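Student: A single structure is presented below for examination.
The values are calculated or read from the model by the stated rules, or taken from the named source; none is laboratory data. The structure displayed is predicted, hence computed values, not measured ones. For neighbour counting, all protein chains shown are included, and Cβ atoms are generated from backbone atoms with ideal geometry for every residue, glycine included.
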Amino acid sequence: MRGDAYMDRVILIKYGELSTKKDNRNYFIRTLYQNICDKLASYEVEIDKDRARMTISFQEKDLEAIQNIISHIFGIHTYQVAYVVKSEDSCIQEQVLSIAKNLPFKTFKIEVKRSDKTFPIHSQDYNRVLGSLLLKNIENISVDVHHPDLWLKVEIRNQETYIYYESYPGSGGYPVGTQSRGMLMISGGIDSPVAGYLAMKRGITLDAVYFEAMPHTSIEARNKVIRLCKKLSQYSHHIYLHIVNFTPIQEEIYKNCREDYCITIMRRMMLRITEKLAKKNKCLVIVNGESIGQVASQTLDSISVINEATMMPIIRPVACFDKLEIMSIARKIDTYDISIIPYEDCCTVFVPKHPVIRPNLKTAMEEEEKFSYLPMIEEAVENVYTKKITDEKEQEFSELL
């Protein structure tokens with residue numbers, strides 16, 4: 001109960017980049033608060049917020065699961081698991097000593113922040129009071145203000161004091177939902193999930209579109225993409241995955257068009273379909289995983305010709321990253337091992353031996369006019385299959401066959 005010397009622990013959330021906002025700071029904090037509430041809806045928690053921080057009261061049995069969830073929520077800079085006591089000298093001293101006696105350390109540092117200026121002892125003086133307390137009651141320890149084994153922090157506020165010794169990194173960025181929607185072009189590769197992650201980190205709510213070419217691609221390739229969306233949904237509320245049957249268009253391209261231009265034309269068709277799906281689902285931008293120069297369709301010449309097929313803005317979060325940088329992020333967000341599973345998608349199964357790396361726009365337009373693609377695009381959009389993806393466990397989507 002509140003008022004005892006020993007209190008339950010809470011999670012302290014600190015905002016980081018959100019604190020740089022001015023007039024719309026409350027909007028960002030409210031969005032973060034709602035995102036946390038949504039993600040922790042199945043747990044018995046109490047969440048309080050103010051302009052400086054958020055606190056989550058929790059059941060001890062749920063701590064590890066809750067920590068895993070909030071570590072994936074954008075908008076959180078750091079968080080701490082803190083003991084809470086009354087802002088009274090005797091309660092603080094008792095809890096500080098209790099914490100220290102149960103931890104292994106040889107050197108320590110105490111850092112007091114006194115937000116409540118009515119507390120009778122100044123911060124620097126209270127550092128010495130608490131330091132002396134530990135030195136008198138625990139043997140063979142000493143103070144080290146530069147590289148301590150134990151760095152104990154005490155934040156004294158109006159009614160309660162928070163005491164903690166470990167800080168955990170959050171995912172940073174802005175809360176998902178503080179920007180409008182975007183449509184992620186996701187494949188089974190390494191780059192596009194990383195691009196989606198980075199877009200969400202800037203507050204963008206994502207839908208995703210996946211182009212498949214059954215029977216040239218497999219159900220395993222589709223399920224790989226679904227698994228990638230599940231990983232990304234840890235950072236969002238959910239992701240609507242739009243699965244496009246690209247087989248008729250792709251077969252027409254390879255039947256009618258110059259082989260070296262097939263990838264260029266295929267990407268132009270994908271952009272046209274993505275733009276229509278984006279508008280249909282109220283998305284303002286397209287997001288993709290293009291990295292400059294990585295493959296033939298990602299030279300600046302290719303990007304320029306392919307980009308001409310749409311008027312919608314395209315965000316390329318990994319455009320200037322090298323492959324090793326992208327792989328590093330993929331490992332961090334746990335998508336890498338899924339992405340390297342060897343199931344081909346429609347972009348790789350039909351790759352020509354010598355794709356053009358400096359396509360000409362006039363030539364590309366002439367080649368794609370060799371077949372009637374507009375009705376096929378409309379049919380692909382009309383027959384798209386959409387599935388809501390969350391990070392909850394569910395069966396793979398073999399039932400879509």
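Student: State which residue is farthest from Gly189 (Cα to Cα) when the search covers only region 318-336 and only residues that are surrounded by fewer than 17 Cβ atoms within 10 Å (Cβ to Cβ) and out of contact with any Lys or Arg (no Cβ under 7 Å at 6 or more places or on another chain). Please lay out each step first, then the result.
Tutor: So in region 318-336, the residues surrounded by fewer than 17 Cβ atoms within 10 Å (Cβ to Cβ) come out as 320, 322-325, 328, 331-332, 334.
Among the residues that remain, those that are also out of contact with any Lys or Arg (no Cβ under 7 Å at 6 or more places or on another chain) are: 320, 322-325, 328, 331-332.
Values: Cys320: 17, Asp322: 15, Lys323: 12, Leu324: 14, Glu325: 15, Ser328: 14, Arg331: 13, Lys332: 15 Å.
The selected residue is Cys320.
Student: Ok, one more. Among the residues of region 13-30, which ones are modelled with pLDDT of 75 or more and either outside the structural domain of Gln80 (by TED's automatic domain parsing) or assigned to a loop (DSSP other than H, G, I, E, B) (or both)?
Tutor: Tyr15, Asp23, Asn24
Student: Is at least one residue of region 59-69 closer than 18 Å to Ile13 by Cβ, of a type in the set (Lys, Arg) and in a helix (DSSP H, G or I)?
Tutor: no
Student: Oh, and also: Restricting attention to region 183-192, which residues are surrounded by 24 or more Cβ atoms within 10 Å (Cβ to Cβ) and either farther than 23 Å from Gln250 by Cα or of a type in the set (Val, Ile, Thr) (or both)?
Tutor: Ile186
Student: Of the conditions (1) among the hydrophobic types (A, V, I, L, M, F, W, C); (2) surrounded by fewer than 18 Cβ atoms within 10 Å (Cβ to Cβ); (3) free of Cβ contacts under 8 Å to residues at least 40 places away in the same chain, Ile303 satisfies every one except a single condition; which number is it?
Tutor: (2)
Student: Residue by residue through region 85-115, note down the ones that are charged (D, E, K, R) and outside any helix (DSSP H, G or I).
Tutor: Across region 85-115, the qualifying residues are Lys86, Glu88, Lys106, Lys109, Glu111, Lys113, Arg114.
Student: Have a look at Leu241, Leu206 and point out the one that is crowded, with 24+ Cβ neighbours inside 10 Å, more than 15 Å from the chain's Cα centre (by Cα) and closer than 30 Å to Thr264 by Cβ.
Tutor: Leu241
Student: Which ones in region 250-294 are surrounded by fewer than 20 Cβ atoms within 10 Å (Cβ to Cβ), outside any helix (DSSP H, G or I) and touching a residue at least 24 places away in the same chain (Cβ under 8 Å)?
Tutor: Arg258, Asn281, Lys282, Leu284, Val285, Ile292, Gln294, listed by residue number.
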